[in-house]
Amino acid sequence: MTYSIQYTETAVRDLTETVEYIDHVLLNPDAADHLLDELDNKLTYLAEYPYAHPVVDDPFLKNQSIHFTLINHYLAFYIIDDDDHKTVHIIRFVHFQRDWITVLKIGYLR
């Protein structure tokens, strides 16, 4: 069964800011395009096999069943909805060197 992919507003903002930074600040539009291509490839796979990627290794976040996958130097975090809609919700898109545990916890503690 193929899952649909949906982005939260926060994930869209993360991705937009990342691509704009790579394109306009680093002046590397090819790298920005490559990131988007890799994201598309990864999400196509994710729609078919959402459980192929691990749950985060943090007690609080693990309890929230947040999975992640690596896309170039970025982590896409997602939650799987197995109810009637069979949806993968992309919740954040964060550089792997960032303090992603704090970034994710702040989103859940608000």
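Key figures for this structure:
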read-out: Qualifying residues in segment 11-29 (those that are assigned to a loop (DSSP other than H, G, I, E, B) and among the aliphatic types (A, V, I, L, M)) - the one farthest from the chain's Cα centre (by Cα); value: LEU27
read-out: Selection count where residues are closer than 21 Å to ILE101 by Cα and out of contact with any helix residue (DSSP H, G or I) (no Cβ under 6 Å at 6 or more places or on another chain), scope segment 40-55; value: 5
read-out: Segment 1-10, subset outside any loop (DSSP other than H, G, I, E, B) and in contact (Cβ under 8 Å) with a residue 24 or more places away in the chain, residue surrounded by the fewest Cβ atoms within 10 Å (Cβ to Cβ); value: SER4
read-out: Neighbours by Cβ (under 6 Å, 6+ apart or cross-chain): first from segment 73-95, of a type in the set (Lys, Arg); second surrounded by 15 or more Cβ atoms within 10 Å (Cβ to Cβ); value: LYS86/TYR3; ARG92/ALA11; ARG92/ASP14; ARG92/PHE77
read-out: Flag if ASP58 is farther than 15 Å from THR8 by Cβ and loosely packed, with under 12 Cβ neighbours inside 10 Å; value: no
read-out: Given (1) in contact (Cβ under 8 Å) with a residue 12 or more places away in the chain; (2) surrounded by 15 or more Cβ atoms within 10 Å (Cβ to Cβ), index of the condition VAL103 fails; value: (1)
read-out: Residue among LEU39, LEU35, LEU61, LEU46 that alone is hydrophobic (A, V, I, L, M, F, W, C) and more than 14 Å from the chain's Cα centre (by Cα); value: LEU61
read-out: From ALA76, ALA47, ALA32, residue being modelled with pLDDT of 95 or more, assigned to a helix (DSSP H, G or I), small (Gly, Ala, Ser) and touching a strand residue (DSSP E or B) at 6+ places or on another chain (Cβ under 7 Å); value: ALA47
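The values are calculated or read from the model by the stated rules, or taken from the named source; none is laboratory data. These numbers were taken from a predicted model, which means no experiment stands behind them. Here the Cβ is made from the backbone with ideal geometry for all residues, glycine too, and neighbour counts use every protein chain on show.
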